[in-house]
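I have a structure here, written as structure tokens, and I will follow up with some questions on it.
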């Protein structure tokens, strides 16, 4: 199924991303999943991880999301994120704070399942950082 769909990623502060996308890779609590135009309706909670939104022409935006909710239909997708940060173009201090906050999520995990999600998200964040390339 080719084509685009309307995408919005919203935080409590503002609309962070809005536009037509070809695909969005989502870190769902039950596993990562890809949404494309024509996707069956789905609602999922988010776990900490990297969300990647690919616009027409292949330009991708990578964001670290802490938690939230994603809803997709055949024509659109909305992500309501508790906290989200665009990874591309972050300064060194911002990256250090993001990693520090993620390390705190690991330390403050209520149980082993939550700790495993947080550790996985931290590993993905570290791998996605520009300095890791």
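Looking at region 84-109, which of its residues are over 13 Å from residue 122 (Cα atoms) and crowded, with 16+ Cβ neighbours inside 10 Å?
84, 85, 87, 90
Quick test for you: out of 18, 44, pick the one residue that is within 17 Å of residue 66 (Cβ to Cβ), assigned by TED's automatic domain parsing to the domain that holds residue 63, more than 12 Å from the chain's Cα centre (by Cα) and in a strand (DSSP E or B).
The unique qualifying residue is 44.
Please go through (1) in contact (Cβ under 8 Å) with a residue 60 or more places away in the chain; (2) more than 10 Å from the chain's Cα centre (by Cα); (3) surrounded by 13 or more Cβ atoms within 10 Å (Cβ to Cβ) for residue 79 and return the number of the only condition it doesn't satisfy.
(2)
Next up: Kindly check whether there is at least one residue in region 83-105 that is part of a strand (DSSP E or B), under 16 Å from the mean Cα position of the chain (by Cα) and in contact (Cβ under 8 Å) with a residue 40 or more places away in the chain.
Checking region 83-105: at least one residue is part of a strand (DSSP E or B), under 16 Å from the mean Cα position of the chain (by Cα) and in contact (Cβ under 8 Å) with a residue 40 or more places away in the chain.
The values are calculated or read from the model by the stated rules, or taken from the named source; none is laboratory data. Quick caveat, the model's predicted, so the values are computed rather than measured. Using ideal geometry, Cβ is built from the backbone for each residue, glycine included, and neighbour counts are taken over all protein chains shown.
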